[in-house]
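Below is one structure, written out as structure tokens; the observations come after it.
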Amino acid sequence: MLNLIKSDLYRITRPRGLRGSFWQYGIAILAAYGIVMALVAFANSQMYVDMTGSTIGNVVTKTSLTVYFADMLNGLVPLCVAFMVVEHSLAEFKCGYIKSVLSARSGRLSYIVGKLLFAGVLSALVILFATVVALAFLPIMTAGHPEFAASEGPVEVIGWFLGFWLNTWALSACSLILVYATRVSPVSYIGAFCFTASVVPQMLMGLAYSSGGVLRFLEPLAPVFETLATWMPSTALNNLSQGGQLFFNASIDIWGEASRAFTVDPGIQAVLTGIIWIVAAGAVVLFISRKRDI
Amino acid sequence: MNVIDIRGLTKRYGKAFAVDHLDMQVAQGDIYGFVGKNGAGKSTTMKMIAGLTTPTSGELALFGSGETGAGRAGSFSGGSSRIGALIEEPGVMPNFSAGENLMMKALAMGVVRPRERVGELLQLVGLEAAGARKVKKFSQGMKQRLGLALALVGSPDLLLLDEPFNGMDPETTRDLRRSLVRLNRERGVTIVISSHVLDQLMRVCTRFGVIAAGRMVREFTDEELHATCGSSVRVRTADPARALAILEERLPASTFRVEPDQAIVIGGGARRATAAFGGAATDPAASGAPSVEDVSHILHEADQVVLELSVLERDIEDYFVELMDGGAGQVAYTPSHMRAGR
């Protein structure tokens, strides 16, 4: 499996002509952050004051460093990772490369596990890349005052990154289900987008709310819908916008008093959610791969 | 040892049988030509051997093991299967160069010194000059050569090639043929080739299997093929059983078969000549088939009434086409069949 990961890393990092998808998506992330940074720089500039007659104030949330990372990484990074994983896996089916590799291996499932692990490695690499860029842009984004209201220790920062990484990995693993089940590009990409854009938990919450009105027959299932919605990777990523204090501040109540969901401490739940969905998605992908012919 | 031992292998898609109780044996060191019409089941069979498709039923043993078809699909083993395959498409990534494609697979297989191996393979298939060009700019023949190189990355003991000559010019085809023969002779690689290009198969293959409608019609060696399809004499007599016994006694070196109309076809044991192009051919002049005069003389001496006497020049292609149509018109013939009077 390590060999498979090495091979996949080799493929995504080919520099010549930017053949490797890591560079392609890396440039996209850089460009997106560049646009944001340019807008923030403009908003903090004298030109803006001259045009509008007032300053814009703090554009970037200065609660804590991890909240800043959440602002910068959430949305774009999980989407890029999910798309990279989908593209990487679909390409092998489209050109028949998977046949060449699988016929030379004595077991199919180890290959699939290798792909799942690669999704985790890729998530870590892209998060690292985006974090470095976000740090590089921090002085401009904070108008030259990179101070935050709350100071965070290394454990909070590590806890935050662990939660973010696991849930990003989980979203890309869920996208792999569509790849191996359908092998169809539009379905896989649209599905990946829906997973990362919180469509599923929003749909579940919608059903839960509707059970009190139009869909009254669903009312007994409302707590189930709410529970499922709170245990989704995209929900966990949204909750991580509260920053690293999520893991150690038991007074944070992000679910609301009216919530009927079964929940645990938000920080612990964020980590558990990632692990559960990585394992569950992995099991589904392995089951599908075992049954389907290549 | 049989590298491939298939018994009763079946693959069903709904009610349709892509492969229907197929029996097939490929011995170590064979270059096996797998022949059949489009849709006969060749690619499906090769996919099952390669572990890409799970059989519906039957037994499939590779390298003398009792592995079933379902085994590899459900296995977590990460080792080498000792198989290299080029099935349906070359399996190349179009946005990368030939070297990069080979490197990816070499890394995936855990090849020691992958760069060296990549260089060797590029040279073997004649793509060392392709340089950094993306594969999507390659011709079909170049892509096929790269696909072959990919199949060889893990130094397999069994090579499965599905239509490897597609899109290749004559020179490239000849070079590929020579490479395959060299691999077989020098490294003992067993090769299974499915192709419609009979001429190319006949130059390299040591054994053939003809499949029709998912079933194996016949397996035979190239010697048996040439014995069947060389020049032969066809004779029909009033007493075919007696005539056959006389001819067998007087022509012990010849082969005999009986047609549905009880005519006896007498062929020679063809002697093989080595052709300069690394394949094999028969020397018609040394076929050993008896002459029309000899047969006529023998039967006349034995007071047999000859109803029909002619020379047959059988076209190998016609023979294969006949078999691919399901072997229509062919009787399972042996002398004992006639002697038993059935």
Go through A:S103, A:S89, A:S54 for me and flag whichever is without any contact (Cβ under 8 Å) to a residue 12 or more places away in the chain and either within 14 Å of another protein chain (Cβ to nearest Cβ) or open to solvent by less than 30 Å² (accessible area, probe 1.4 Å) (or both). A:S103
If you go through A:Q269, A:Q242, the only one that is open to solvent by 70 Å² or more (accessible area, probe 1.4 Å), farther than 23 Å from A:G114 by Cβ and within 17 Å of the chain's Cα centre (by Cα) is A:Q242
Go through (1) closer than 16 Å to A:G96 by Cβ; (2) within 29 Å of the chain's Cα centre (by Cα) and name the single condition B:V135 misses. (2)
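Listed here are the residues, each with its yes/no results for (1) modelled with pLDDT of 80 or more; (2) not charged (D, E, K, R).
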| residue | (1), (2) |
| --- | --- |
| A:T235 | yes, yes |
| A:N238 | yes, yes |
| A:Q242 | yes, yes |
| A:L246 | no, yes |
| A:A258 | no, yes |
| A:D265 | yes, no |
| A:I268 | yes, yes |
| A:L272 | yes, yes |
Given (1) more than 22 Å from A:I278 (Cα to Cα); (2) modelled with pLDDT of 90 or more; (3) among the charged types (D, E, K, R), number of the condition A:E219 does not satisfy: (2)
Quick check on this structure: which one of A:E226, A:E219 is assigned to a helix (DSSP H, G or I), open to solvent by 50 Å² or more (accessible area, probe 1.4 Å), more than 14 Å from every other protein chain (Cβ to nearest Cβ) and among the charged types (D, E, K, R)? A:E219
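Residues to consider are B:L86, B:L60; find the one that is farther than 18 Å from B:G154 by Cα, at pLDDT 90 or above and within 28 Å of the chain's Cα centre (by Cα).
B:L60
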Among the residues of segment B:109-120, are any facing chain A (nearest Cβ under 7 Å) and in contact with a strand residue (DSSP E or B) (Cβ under 7 Å, 6 or more places away or on another chain)? yes
Kindly indicate whether any position in segment A:17-25 is surrounded by fewer than 21 Cβ atoms within 10 Å (Cβ to Cβ), within 14 Å of chain B (Cβ to nearest Cβ), at pLDDT below 90 and touching a Leu at 6+ places or on another chain (Cβ under 7 Å). no
So is B:L86 touching a residue at least 60 places away in the same chain (Cβ under 8 Å), touching an Asp or Glu at 6+ places or on another chain (Cβ under 9 Å), within 8 Å of chain A (Cβ to nearest Cβ) and crowded, with 18+ Cβ neighbours inside 10 Å or not? yes
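The values are calculated or read from the model by the stated rules, or taken from the named source; none is laboratory data. Bear in mind that the values here come from a model prediction, so they are computed numbers and not experimental data. Quick reminder, even Gly has a Cβ in these numbers, built from the backbone with ideal geometry, and neighbours come from all protein chains shown. Note: areas computed on protein heavy atoms with side chains; ligands, DNA, RNA excluded. Shrake-Rupley method; radii C 1.70, N 1.55, O 1.52, S 1.80 Å.
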